[in-house]
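Below is one structure, written out as structure tokens; the observations come after it.
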Amino acid sequence: MAQSDPTDHALAAIASILDSVETSRESHKPAVTEQRPVAPPPLPVTHPPIEAHGYSRIGPGPMAAIRFKWTVRLDNGDYYVDETIGESSSPLVTGPLDRDAAIQLVDYRESEARRRFEQLKSEMTGRSADANSLSKATSAA
């Protein structure tokens, strides 16, 4: 394995992000339900209608242990979105929401996670390429 393997850098960055998320979640442990305004983009028109209860999306990432997952659940006529990291974390709950807002939130969060992951991956690849170019130029001199 190369000394400046971009995968190592990406995993280190993700681990530091995960540490800050875990620290943040630890300080908010008593409040599992978080109510905040949700303004994701409108759902595209699809046929047939999406079944909201159980609707879920999984974020990108190199390891299941740090992958985000968003799932809609129905509870007493209201919809809630459970957001987890990995398979054994306590969910961060958003709701109550109506059916469409819950689906939109799941799609929005997954889309944003994918965008951020691709941006991080691109940055890490760019830095690695720059570092390789610099080390080649330095060793050639």
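The values are calculated or read from the model by the stated rules, or taken from the named source; none is laboratory data. The shown structure was predicted, so the numbers you read here are calculated from the model rather than taken from an experiment. Glycine also receives a Cβ, built like all others from the backbone with ideal geometry; neighbour counts cover every protein chain displayed. Note: accessible area is taken over every heavy atom of the protein model, side chains too, but ligands, DNA and RNA are not part of it. Shrake-Rupley method; radii C 1.70, N 1.55, O 1.52, S 1.80 Å.
If P42 meets every condition in (1) modelled with pLDDT of 90 or more; (2) within 20 Å of the chain's Cα centre (by Cα); (3) over 26 Å from I17 (Cβ atoms) apart from one, which number is that one?
For P42, the exception is condition (1).
Only one residue in A65, A10 is in contact with a Gly (Cβ under 6 Å, 6 or more places away or on another chain) and modelled with pLDDT under 90. Which one?
From the options A65, A10, the qualifying one is A65.
Go through segment 62-77 and give me each residue that's of a type in the set (K, R) and assigned to a loop (DSSP other than H, G, I, E, B).
R67 - this is the single residue of segment 62-77 that is of a type in the set (K, R) and assigned to a loop (DSSP other than H, G, I, E, B).
Checking M124 against (1) of a type in the set (A, V, I, L, M); (2) surrounded by fewer than 17 Cβ atoms within 10 Å (Cβ to Cβ); (3) at pLDDT below 90, which single condition isn't satisfied?
(2)
Taking the condition in contact (Cβ under 8 Å) with a residue 40 or more places away in the chain and open to solvent by 70 Å² or more (accessible area, probe 1.4 Å), does E110 pass?
It is false that E110 is in contact (Cβ under 8 Å) with a residue 40 or more places away in the chain and open to solvent by 70 Å² or more (accessible area, probe 1.4 Å).
Would you check which residues across segment 78-122 are assigned to a strand (DSSP E or B), within 13 Å of R57 (Cβ to Cβ) and under 13 Å from the mean Cα position of the chain (by Cα) and list them?
D82, E83, T84 - these are the residues of segment 78-122 that are assigned to a strand (DSSP E or B), within 13 Å of R57 (Cβ to Cβ) and under 13 Å from the mean Cα position of the chain (by Cα).
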